[in-house]
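A short write-up of the structure that comes next.
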Ligand code: HEC
Ligand code: HEC
């Protein structure tokens, strides 16, 4: 008798707790959306399941200047939502105490599909990415110990980490990395005019010029900037000359192989209209100049990609390419309030 009573007493609160958890809207699982016809994402979500609170926590971290040594720089200082998560006020990245880095900030777009990160591919997992800027002396210049001490001192962070990770000591570097990834995995752009036309949506139609641009693109650019992500994720030399002051040899600095000299990541061209300046060192201020590059400024050297050598663009081609590239601007992504600075 007693035993039955005891277990019933135990089961009732357990059921209650369970139902609370099930109904708690903050703990909702979030399904990752893969647009029709797109390849499977590379990111392994089973190791870091997306939840509403996890994404919220990642967003808070991404926008928190206090993660930098002097509380002035957040990830978003360089990666602004309305410019496709890059910055447009400097050629090269601009960090703590006005220190200038040696590369142009990259856009962050559709990162779930990427295998490697950075212009030279030196990072091979999205979760590892935050460790570089947090500790880099020209970016956020902090130590991981400082960051963990700060996070543990905040009751809001303590609550959020506990809710997402449900372990005894949830505020760890790994869990911080995972939550930042959860937020960045929301930076998905698939709703530009181009996408709407490709999906055959009602009323979506290319102009004649855009259509011609798509044709030029498919003939001369597609081999590297592959649809639908507009990158094939490879590293290539597209004929940029070496800037003596920067001496940046790209992927060579990671592999030490001479055949990788001057190879840089093929960037996605989604939202390219708003992600100026262009190239790994921001040398081209306008999209017009970036397109002209492929016709005028190609520097020949042993690692130059053969596809680049065969590019030929007439004035008309360049104009139509420009029109087409602008159809990759995705306003619903750039103006998505769920990705912007969190307001209280
Ligand atoms: C001072 C400017 C600056 C800050 C602050 C900064 N980044 Fe970056 N980010 C860059 C630059 C520059 C690159 C390219 C670096 C390279 O290739 O050497 C980059 C690259 C990246 C990439 C790779 C994108 C790709 O497609 O390969 C991701 C992801 C990223 N940053 C996330 C973050 C996160 C998360 C934070 C905050 C923890 C952060 N960044 C803080 C400037 C910055
Ligand atoms: C052989 C591969 C290849 C081909 C073909 C190619 N590109 Fe690129 N593209 C790259 C690489 C690599 C970069 C980055 C180079 C760097 O910064 O070092 C790049 C960068 C760009 C950028 C700058 C994007 C940014 O965010 O900085 C634009 C714009 C661009 N390409 C447009 C085009 C157009 C238009 C064509 C066709 C006329 C084309 N590309 C053909 C490899 C290629």
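The values are calculated or read from the model by the stated rules, or taken from the named source; none is laboratory data. What you see is a predicted model, and the numbers here were worked out from it, not measured in a lab. With ideal geometry, Cβ positions are generated from the backbone for all residues, glycine too; neighbour counts draw on all protein chains shown.
Based on this model, can you work out whether residue 174 counts as exposed (fewer than 15 other Cβ atoms within 10 Å of the Cβ), out of contact with any helix residue (DSSP H, G or I) (no Cβ under 7 Å at 6 or more places or on another chain) and part of a helix (DSSP H, G or I)?
For residue 174, the condition - exposed (fewer than 15 other Cβ atoms within 10 Å of the Cβ), out of contact with any helix residue (DSSP H, G or I) (no Cβ under 7 Å at 6 or more places or on another chain) and part of a helix (DSSP H, G or I) - is met.
For residue 294, indicate whether it is within 23 Å of residue 92 (Cβ to Cβ) and touching a strand residue (DSSP E or B) at 6+ places or on another chain (Cβ under 8 Å).
Spelling it out, it is not the case that residue 294 is within 23 Å of residue 92 (Cβ to Cβ) and touching a strand residue (DSSP E or B) at 6+ places or on another chain (Cβ under 8 Å).
Only one of 110, 104, 142 is closer than 28 Å to residue 248 by Cα, within 16 Å of ligand 2 (Cβ to nearest atom) and at pLDDT below 95. Can you tell me which?
Working: 110 fails: at pLDDT below 95; 142 fails: within 16 Å of ligand 2 (Cβ to nearest atom).
Going through 110, 104, 142 in turn, just one is closer than 28 Å to residue 248 by Cα, within 16 Å of ligand 2 (Cβ to nearest atom) and at pLDDT below 95: 104.
It is to be established whether one or more residues within the stretch 84-106 are assigned by TED's automatic domain parsing to the domain that holds residue 162, within 22 Å of residue 185 (Cβ to Cβ), under 15 Å from the mean Cα position of the chain (by Cα) and without any contact (Cβ under 8 Å) to a residue 60 or more places away in the chain. Working first, answer last.
Just the residues of the stretch 84-106 that are assigned by TED's automatic domain parsing to the domain that holds residue 162, to begin with: 84-106.
Okay, now just the ones that are also within 22 Å of residue 185 (Cβ to Cβ), so 84-87, 105-106.
From what is left, the residues that are under 15 Å from the mean Cα position of the chain (by Cα) are 84-87, 105-106.
If we keep only those that are without any contact (Cβ under 8 Å) to a residue 60 or more places away in the chain as well, we get 87, 105.
There is at least one residue in the stretch 84-106 that is assigned by TED's automatic domain parsing to the domain that holds residue 162, within 22 Å of residue 185 (Cβ to Cβ), under 15 Å from the mean Cα position of the chain (by Cα) and without any contact (Cβ under 8 Å) to a residue 60 or more places away in the chain.
State all residues of the stretch 177-231 that are in a helix (DSSP H, G or I), within 13 Å of ligand 1 (Cβ to nearest atom) and within 23 Å of residue 83 (Cβ to Cβ); if no residue qualifies, say none. If you could, list the steps in order and put the result at the bottom.
First, pick out the residues of the stretch 177-231 that are in a helix (DSSP H, G or I): 177-184, 193-198, 208-220.
Checking which are within 13 Å of ligand 1 (Cβ to nearest atom) leaves us with 177-184.
Result: 180, 181, 182, 183, 184.
Would you kindly identify the helices (runs of 4 or more DSSP H) lying entirely within the stretch 247-344 that contain at least 3 residues that are buried (at least 18 other Cβ atoms within 10 Å of the Cβ)?
It comes to 287-296, 315-326.
Pairs, please: C-beta under 6 Å, at least 6 apart or cross-chain, first residue in the same structural domain as residue 257 (by TED's automatic domain parsing) and in the stretch 287-303, second away from ligand 2 (no atom under 11 Å from the Cβ) and part of a loop (DSSP other than H, G, I, E, B)?
Going by the 6 Å Cβ cut-off, the qualifying pairs are 303/261.
Looking at the structure I just gave you, is residue 120 outside the structural domain of residue 244 (by TED's automatic domain parsing), more than 23 Å from residue 54 (Cα to Cα) and within 10 Å of ligand 1 (Cβ to nearest atom)?
yes
Among the residues of the stretch 199-216, is any within 14 Å of the chain's Cα centre (by Cα), within 16 Å of ligand 2 (Cβ to nearest atom) and in contact (Cβ under 8 Å) with a residue 24 or more places away in the chain? Write out each step before concluding.
The initial filter retains those residues of the stretch 199-216 that are within 14 Å of the chain's Cα centre (by Cα), namely none.
Checked against the condition, which is being within 14 Å of the chain's Cα centre (by Cα), within 16 Å of ligand 2 (Cβ to nearest atom) and in contact (Cβ under 8 Å) with a residue 24 or more places away in the chain, the stretch 199-216 yields no hits at all.
Looking at the stretch 131-138, is at least one residue in a helix (DSSP H, G or I) and either at pLDDT 95 or above or within 16 Å of ligand 2 (Cβ to nearest atom) (or both)?
No, the stretch 131-138 contains no residue that is in a helix (DSSP H, G or I) and either at pLDDT 95 or above or within 16 Å of ligand 2 (Cβ to nearest atom) (or both).
Spot the failing condition for residue 132; the list is (1) more than 8 Å from ligand 1 (Cβ to nearest atom); (2) under 22 Å from residue 233 (Cα atoms), and only one is missed.
The failed condition is (1).
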